[in-house]
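Asks: I have a structure here, written as structure tokens, and I will follow up with some questions on it.
None of the figures in this text is laboratory data; all of them are computed from the coordinates on show. Note that the coordinates shown come from a computational prediction; the quantities given were computed from them, not determined experimentally. Positions of Cβ are backbone-derived with ideal geometry, glycine not excepted, and every protein chain shown enters the neighbour counts.
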């Protein structure tokens, strides 16, 4: 979390205009280097504006690194990367970027909302899309160097996007040393809990695409287990562990995980860089095959959904950028593994109560005034097989209670105990006569109920049955009840 003074300065910009073009309408996130706003252009176009803090904009090196984010993201040319449409300098000298405004939630926020453990299918679908994006980025010589759940965004359409290429390294794949001089040896850049050993040591000439794959494995590890690969009391201890301590096998914390999937994650987190996956495609293929083998299910398109009430760009926490000997400017709130970032519990609870209330009202209405049921038909065929390998159950509503305690004994791959049913079971209507009497459908009552069409001949009774004209209303179905 950024310092309160930085947040206050960021809030003071709301409502102002940049270069008489962009009006800043709301603050989406703020961090140690920049603040992100939702903005509206004078031509009514909406976008996200990322403004480098004014005191940092005067530093040419920091300003150049900030602008490099746009160049790096745009050079990837993949829909999973948030590109930059424009850059400019505000009247006060602050440099800013104009980016696509996203609606959805970060993977970090989703993880917090789901009690810090995501189902296995979700994690595999997220990693599949992430590795696909990285394969393209790496082919352009771009290493992100700061992959983590907070920098991964899930749109309402279920598309995973990589955010914040601010410390990405661009180099010629044919010349591994090209571009390394832009980062001084010994400089710390990244997030310790998701840093590969060579990155934590500041050995930038050793950093390559396998460093990003280590971060992918660390992300999968965290999303599945609810724990960071390295945890400690202080920032220095987290960094020390990242530099010298191998990561424990994931099954130490998640023994129910299939060994084939665990092997994929453990290999990506190998301490020696030579023992990791060679590239993103190799890891993606292995992960896909391991998941299919473990589940025994055919390949299907992944479906990731989020509640419509979730809408944000991303929360910007400062990226560490300081000499490793001093770690200047590092606070405990900025280090995953030390603190917990979560959405306001009150907001989650209010949203859950509101949705449950609406669903309850709809269920009551359907119980009192049931709509006609369609004639049962044959079950629809499964969706067609596509290139992707994971099919996820839609997440239609948030958890019923934000304060519900997690169930540590439950398998992470199993959906939460509280789930929305695809179709609520119908209840018998109350024993009152409706205002408009209608013949019930055959599926609404027990086998003794009267059929919707009148019988060919009336049953034999002691009381004569009056002859009714064809145009008269059908008999009262309640008259035959005992």
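Asks: If we count other beta carbons within 10 Å of each Cβ, what is the order of 165, 228, fewest first?
Replies: With the fewest neighbours first, 165, 228 line up as 228, 165.
Asks: Here is a follow-up. Decide, for the range 16-60, between rounded, prolate and oblate: order the square roots of the alpha carbon gyration tensor eigenvalues as a ≥ b ≥ c, take rounded if a/c falls under 1.5, and otherwise choose prolate if a/b is larger than b/c, else oblate. Provide the component values of the computation, followed by the final result.
Replies: Numbers: a/c = 3.00, a/b = 1.68, b/c = 1.79.
Here the range 16-60 falls in the oblate category.
Asks: Right, next: Starting from a Cα-only point model with no solvent, please compute log10 I(q)/I(0) by Debye for the range 4-99 at q = 0.14 1/Å.
Replies: Relative scattering, expressed as log10 I(q)/I(0), comes to -0.49.
Asks: State, to one decimal in nm, how far the label point of residue 17 lies from the label point of residue 78, with both points 7 Å from Cα in the Cβ direction.
Replies: 4.0
Asks: Given a Förster radius of 56 Å and the C-beta distance between residue 67 and residue 252 as r, what FRET efficiency does 1/(1 + (r/R0)^6) yield to the nearest 0.05?
Replies: 0.85
Asks: Next up: Using Cβ contacts closer than 10 Å as the measure, can you line up 71, 96 from fewest to most?
Replies: In increasing order of surrounding Cβ atoms, one gets 71, 96.
Asks: Moving on to the next point. State whether the range 88-127 is rounded, prolate or oblate according to the following rule on the C-alpha gyration tensor (a ≥ b ≥ c being the square roots of its eigenvalues): a/c under 1.5 gives rounded; otherwise a/b larger than b/c gives prolate, and the remaining case gives oblate. Please report the intermediate quantities before stating the final value.
Replies: Working: a/c = 4.50, a/b = 3.06, b/c = 1.47.
Prolate.
Asks: For 273, 126, what's the fewest-to-most ordering of other Cβ within 10 Å of each Cβ?
Replies: Values: 273 16, 126 25.
So the ranking, lowest neighbour count to highest, is 273, 126.
Asks: Consider a paramagnetic label point 7 Å from the Cα of residue 278 along Cα→Cβ; state which residues of the range 213-254 have an amide N under 18 Å from it.
Replies: Only 213-214 fall inside the zone, counting backbone N under 18 Å.
Asks: For residue 231 and residue 59 in the same chain, what is the full-extension length gain: residue separation times 0.36 nm, less their Cα-Cα distance, in nm?
Replies: Separation in residues times 0.36 nm, less the Cα-Cα distance, equals 58.6 nm.
Asks: Here's a follow-up. For labels at residue 259 and residue 206 in the simple 7 Å Cα→Cβ model, what's the distance in nm?
Replies: 3.1
Asks: What's the FRET efficiency of residue 45 with residue 136 using the Cβ-Cβ distance as r and R₀ = 35 Å, to the nearest 0.05? Spell out each step's value before the answer.
Replies: Values: r = 27 Å, r/R0 = 0.77.
So the FRET efficiency works out to roughly 0.80.
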